[in-house]
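Please treat every number below as a calculation from the coordinates, not as lab data. Computed from a predicted model, the values in this text were never measured in an experiment. No Cβ is skipped: glycine too gets one built from the backbone with ideal geometry, and neighbour counts run over all protein chains shown.
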């Protein structure tokens, strides 16, 4: 370890924070300070909660469905992507924070892509004599 590294790691990761509001009971208070009639939280101490944004699955399902649909117009090998799009769309529909319209479109386009791809694969199987 070089002397420079020892200087870098000698500092504390956080500094001391000043106490601006006393959070415990003061002398002369009777009972619990949290149930005190005049107690209100200080805005400087209480940080606002940020809304937790969940990852969105519906746009990815729609993108996969569109790719699978375009692929299914030419070859039948887009069926795995179409099945993934259908599964992702169903998962997005089960999540309340997802865009439902986008998930429904992904489900419909993924279903159509699955049917087209399956049609290509059945046609190829007949053409090469694997079926019938």
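Kindly state, to the nearest 0.05, the FRET efficiency for residue 128 paired with residue 87, given R0 = 35 Å and r defined as their beta-carbon distance.
Here the calculated transfer efficiency is 0.75.
Within the stretch 66-84, what residues put their amide N at less than 15 Å from the label point 7 Å along the Cα-to-Cβ vector of residue 99?
Backbone N within reach: 66.
Using a 10 Å cut-off around each Cβ, can you sort 126, 116 from fewest to most neighbouring Cβ atoms?
Least crowded to most crowded, the residues run 126, 116.
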